[in-house]
Structures are given as structure tokens and as C-alpha cells.
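Student: Got a structure here, written out as C-alpha cells. Questions coming.
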Amino acid sequence: MLDLILAVLHHILVFGLVAMVAAERVLLRATPTPVDRLARLDAGVGGAAMLVLVVGVCRVIWGGKGWMFYETNPFFWAKILTFGLIAAASIIPTVRFMAWRRARKIDPAFQPDPADLVKVRRVLTLEVLLLLPLLAFAAAMSKWPF
């Protein structure tokens, strides 16, 4: 039963994380740019990502398949690497959102540079695109060995 609860929680968190990243991409197209809202949403992305990781570790430790299944599973390690790449890419938007928020506190009329908006949107697009191999690795991982 614990395995099922952890699996459901893990999937809900992942879907929530995807929805928040998609919302960030949408908000970056708004005029004026909702800097404070983006910063708060990005904090939610970070929190959700940490929870995904924590629940994932719990699944590895206490889930039905056990560590031995994951330890030798190449798709598990590919999934972990891809998650790490997404996390590394997410640093760029986070740093930009924080800088924009600081600038907004100094100047309430502050708006991010359009080139900066494009850069952040591209990074968020990369994050979304990296979810495709991550999901493929997750599916392959669950069926290993074939």
C-alpha cells in the first residue's frame, strides 16, 4: 500500500511541476510582465521539484521494487541524469526572476528586457523538452529488464 501511495504522490507532484513550468512560460508572454507572480510561481516550482526528489527517494528506499532493482537499471540512472539537467537549467530562470523582483522593488515600473524574456522562455522550453526523455526513461525503467 505504501508503494501505491508513494507512486500516486510522485505522479501528482510531477504533473503539478509540469503545470507550473507551463504557467511560467505563459506568464512570460504577458504584458506587462508579472514579475512578482513569476517569482512566487518559480518558488513553487523549486518546492515541487524538491518534493518530487524526496518522494522519488522514498519510492526507491521503501517502494515495492527495492534498491536492487534501481541500482542496476540504466534507465533509472538516465532518468536521474535528465532530472539533474532540468534542475541545472532551472537555475537560469530562478536567478532572472529574483533579479527582476529586486529591480521591481527599486523601480515599480520596471519591466524585463525583451531579450532577457526570450532567453528565459528558451530555457523553460528546454526544461519542458527534457521532460520527454525523462518520461521515456521512467517508462523504460519500470519495464527493465525487457
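The values are calculated or read from the model by the stated rules, or taken from the named source; none is laboratory data. Everything numeric in this text was worked out from a predicted model, so none of it was measured. Virtual Cβ from ideal backbone geometry, glycine too; neighbours counted across all protein chains shown. Heavy atoms of the whole protein, side chains included, go into the accessibility calculation; ligands, DNA and RNA do not. Shrake-Rupley method; radii C 1.70, N 1.55, O 1.52, S 1.80 Å.
Student: Using only C-alpha atoms and all pairs of different ones, pull out the Kirkwood radius for the range 33-80 in Å with one decimal.
Tutor: The Cα-based Kirkwood calculation yields 12.7 Å.
Student: In deg cm²/dmol, rounded to 500, what helix-only [θ] at 222 nm does the chain give when every DSSP H run of at least 4 residues adds -39500 (n - 2.57) and the total is split over its residues?
Tutor: Details: 6 runs with 122 residues, N = 146.
That comes out to -29000 deg cm²/dmol.
Student: In whole angstrom, and with the biggest value first, how far do the Cα coordinates of the range 1-85 range along each principal axis?
Tutor: Extents along the principal axes, in whole Å: 51, 26, 14.
Student: Taking a probe of 1.4 Å, how large is the accessible area per residue of the range 1-67, in Å²?
Tutor: That works out to 58 Å² per residue.
Student: Nearest 0.05, what FRET efficiency do Ala23 and Leu126 give at R0 = 22 Å with Cβ-Cβ as r?
Tutor: Working: r = 17 Å, r/R0 = 0.76.
Efficiency for this residue pair is about 0.85.
Student: Computed from the coordinates I sent, Kirkwood radius over Cα pairs in Å equals one of (i) 15.1; (ii) 16.5; (iii) 17.6. Tell me the label.
Tutor: Given (i) 15.1; (ii) 16.5; (iii) 17.6, the structure-derived one carries the label (ii).
Student: Which of the trypsin sites (Lys or Arg not before Pro) found in the range 14-123 are loop residues per DSSP with 10 or fewer other Cβ atoms within 10 Å of their Cβ?
Tutor: Arg29
Student: Quick check: pseudo-label points 7 Å beyond the Cα along Cα→Cβ at Ile12 and Ala43, how many nm apart are they?
Tutor: If labels sit at Ile12 and Ala43, their model points lie 2.3 nm apart.
Student: How far apart, in nm, are the 7 Å Cα→Cβ label points at Ala109 and Ile91?
Tutor: The modelled label-to-label distance comes out at 3.6 nm.
Student: Whole-Hz ³J(HN,Hα) for each residue in the range 28-35, computed from phi via Karplus 6.51 cos²θ - 1.76 cosθ + 1.60 with θ = phi - 60°, x for glycine and proline: what do you get?
Tutor: So the Karplus estimates, Gly and Pro as x, are 5, 8, 6, 10, x, 5, x, 4 Hz.
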